[in-house]
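Below is one structure, written out as structure tokens; the observations come after it.
Just so it is clear, none of the values below were taken in a lab; they were calculated from the coordinates. Keep in mind that what you see is a predicted model, and the values were worked out from it rather than measured. As a convention, Cβ positions derive from the backbone with ideal geometry for all residues, glycine included, and neighbour counts pool all protein chains shown.
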Amino acid sequence: MSAAALSIGEAGSVGRGRTLRTLASVTAFVLLAGAAAWWWHQAHWPVEFVHIDGRVVHADRARMKAVIARHTRAGFFAMDLRALRADLVDLPWVREASLRRIWPDTLRVEIDEHQAAATWNDGALVARDGIVFRPGGDLPGGLPALTGPNGHGPEMLARMRDFAARLKPLGLAITGLRQDARRSWSIDLADGITLRLGRDTVDRRLGRFIAVWPGILKPKAGRIAAVDLRYTNGFAVAWRDGKALDSPKGGA
């Protein structure tokens, strides 16, 4: 073979190599562009269905749906579930929210509401787990009322439960528990009687009331407005007819 023929063959081989490399580059670019387009399309894939699970009784469903709609506009993958959860938990009555994407177009939202145990001060509630929250509307009826220093809601709820457990065998129910600025305790009972326990030896004073209730106080319950237990060994009674507190019973 002549040198000229060899040179021509080598040139053709080089040209084919360049063509193949160019085709490979174009193919890779097309694949990358396709992958990017696929990713963008998937990220903005619309959320067609939202399922809200859980027992939603007090939370405002309309506000909840508005919050969810604002986030789901970003698309199935692009929506920020952490931010959506935070916005849902900020709604009145919502204790916790769990979110889950379900391919290809569904969002499942599970709502856990606060379970109110008592009212708290000016328009708030104390949940069964001690969390103080504001319901953003009218307070539910039939709850005992807790009134006390700010930040003491959980402590007062625990106290109320303890007092209620001790009074229940007597057939007495608590409708309110108060602690004033001096940390003095008062219990309001369902039959309209107030127990004044004071600040010190509160448990002992309540025990004294429990001891004398069945034989001494219960027969006169309809006339009693308050029982003052802030004495060393006795108590005093205020009557519904407006008379002053009786002299301490059982010694001063």
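7 Å from Cα along Cα→Cβ at both Ile102 and Asp241: what's the point-to-point distance in nm?
6.9
Roughly how many debye, to the nearest 20, is the charge dipole of segment 116-239 about its Cα centre, given +1 on each Lys and Arg Cβ, -1 on each Asp and Glu Cβ, and no other charges?
Roughly 460 debye, rounded to the nearest 20.
Of all the Cα-Cα pairs you can form in segment 116-239, what percent are over 17 Å apart?
56
Put +1 on the Cβ of every Lys and Arg and -1 on every Asp and Glu Cβ in segment 49-113; which of Gly75, Met64, Pro92 then has its Cα farthest towards the positive end of the dipole?
Towards the positive end, the residue furthest out is Gly75.
Would you mind giving the three semi-axes, in whole Å and largest first, of the ellipsoid equivalent to segment 49-113 according to its Cα gyration tensor?
Calculated on Cα positions only, the semi-axes equal 19, 12, 10 Å.
Grab the Cα-Cα distance for Lys218 and Ala173, subtract it from 0.36 nm times how many residues apart they are, and report the gain in nm with one decimal.
Length gained between Lys218 and Ala173: 14.8 nm.
Given H placed on each backbone N at 1.01 Å, which residues far from Ala226 in sequence or on other chains put an amide H within less than 5 Å of it?
The list, which skips near neighbours in sequence, is Thr194, Ala238.
What list of ³J(HN,Hα) couplings, whole Hz, do you get for segment 61-75 from phi and the Karplus terms 6.51, -1.76, 1.60, once you set θ to phi - 60° and write x for glycine and proline?
Running phi through 6.51 cos²θ - 1.76 cosθ + 1.60 with θ = phi - 60° gives 5, 5, 5, 4, 5, 5, 5, 5, 4, 4, 7, 6, 4, 5, x Hz.
Could you sort 55-67, 144-156 so that the peptide with the highest average Cβ count within 10 Å comes first and the rest follow in order?
The densest-packed peptide leads the list: 144-156, 55-67.
If I stretch the segment between Thr201 and Ala69 completely, what's the gain in nm (0.36 nm per residue apart, minus their alpha carbon distance), one decimal?
42.0 nm
Going toward the positive end of the dipole of segment 116-239, with +1 on Lys and Arg Cβ and -1 on Asp and Glu Cβ, which of Gly130, Leu189, Ala117 do you reach last?
Final value for the positive-end residue is Leu189.
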